[in-house]
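The values are calculated or read from the model by the stated rules, or taken from the named source; none is laboratory data. Since the model is a prediction, treat every value here as computed from it, not as a measurement. Counting neighbours? That spans all protein chains shown, and the Cβs are built from the backbone with ideal geometry, glycine included.
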Ligand code: ASP
């Protein structure tokens, strides 16, 4: 159904498995090929008009930070029309947690933005994309989903972007928030129930298009890790490093010494954890998290490496000072939920 002058949902298609099929050339690899219109057609006749915009057609493992910012710009552009009820973004599941979180950090509108995708390709005998998309459209059109920021809707569950993680490579229930509850659910008939109180922070400014490119990298910590990877990242111009540290955020004395040097040189180092749930807690000495903090590393709280890196990349791009970066990780790391001070815009809701 295409929009007339009645309220409608915008579908921004970016690629991913939901748009993919087995290629006849290229060695039979699965490639993102379908247009947004083709994806929408698989959902059948819906009850709400949908306008399709093809933003890009890529596997999400190919995306750059610039691509992610361009998806966010398309979201803002879609929301310029007051007749738009909400926006659905079809996206590869591999990096949905990064793009959806970036979009959430920049989102300043009560209308829902809903990311979805698929685990099975469009040419699978029993694809999950059509059902996921049908449900995401229902969430985007729902008044109940307003004010919850950017959401990930997948296999009937709805998650806030912050904290959403891809938790399985193949299961249809691909997403979870291991540190929290889903924000809601959407039924097979498209009925949406939201059951959490949204925790919102003030949106961050949108980086200017001509802004200087920054580089932020994730460095893995493991038994016997030395500083070679961290130094390699710095040698190619990283201005921010997220440590995927062990346990509640630990490394070793060699890494701590490298963090001291990096911090002294103005590099921002953040400690996250390679564990899928739970906060970073600066507790241990002998190269553990307490020493990392003393060396200058900022604890990421509950933010896992993918989203900690996304936040750090954005803050560096915005040229935030180190104290400002610390403040954002402290608040958005989720250890202080009462620090949330966001209040929704008071502009009238249409539709
Ligand atoms: N497996 C991924 C997907 O679900 C591939 C990608 O992220 O594009 O789309």
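Taking the criterion of being under 11 Å from residue 133 (Cβ atoms) and within 12 Å of the ligand (Cβ to nearest atom), the residues of the range 18-38 that qualify are 18, 19.
Of the residues 103, 78, the single one that is in a helix (DSSP H, G or I) and more than 24 Å from residue 167 (Cα to Cα) is 78. Determine, yes or no, whether residue 28 is in contact with a strand residue (DSSP E or B) (Cβ under 6 Å, 6 or more places away or on another chain) and touching a residue at least 24 places away in the same chain (Cβ under 8 Å). When the stated conditions are applied, residue 28 does not pass them.
All conditions in (1) away from the ligand (no atom under 16 Å from the Cβ); (2) closer than 19 Å to residue 154 by Cβ; (3) crowded, with 18+ Cβ neighbours inside 10 Å hold for residue 15, with the sole exception of (1). Note on the range 77-94: among residues that are surrounded by fewer than 22 Cβ atoms within 10 Å (Cβ to Cβ) and closer than 15 Å to residue 14 by Cβ, the one that is nearest to the ligand (Cβ to nearest atom) is 94. Does residue 22 meet the test of being on the phi < 0 side of the Ramachandran plot, surrounded by fewer than 18 Cβ atoms within 10 Å (Cβ to Cβ) and in contact with a helix residue (DSSP H, G or I) (Cβ under 6 Å, 6 or more places away or on another chain)? Yes.
Got a number for residues in the range 43-64 being surrounded by 13 or more Cβ atoms within 10 Å (Cβ to Cβ), assigned to a loop (DSSP other than H, G, I, E, B) and within 15 Å of the ligand (Cβ to nearest atom)? Show your work before the answer.
Keep residues of the range 43-64 that are surrounded by 13 or more Cβ atoms within 10 Å (Cβ to Cβ), which gives 43, 46, 48-60, 62-63.
After this cut, where a residue has to be assigned to a loop (DSSP other than H, G, I, E, B) as well, the list is 43, 46, 48-49, 59, 63.
After this cut, where a residue has to be within 15 Å of the ligand (Cβ to nearest atom) as well, the list is 59, 63.
Total meeting the criteria: 2.
Here the strands (runs of 3 or more DSSP E) wholly within the range 187-277 that include at least 1 residues being at pLDDT 95 or above and under 24 Å from residue 328 (Cα atoms) are 216-220, 240-245, 268-273. Remark: pairs (first residue in the range 308-324, touching a residue at least 24 places away in the same chain (Cβ under 8 Å); second residue part of a loop (DSSP other than H, G, I, E, B) and crowded, with 24+ Cβ neighbours inside 10 Å; Cβ separation under 6 Å; 6+ apart in sequence or on different chains) = 308/300.
Picking from residues in the range 117-141 that are closer than 23 Å to residue 86 by Cβ and not in a helix (DSSP H, G or I), the one that is farthest from the ligand (Cβ to nearest atom) is 141.
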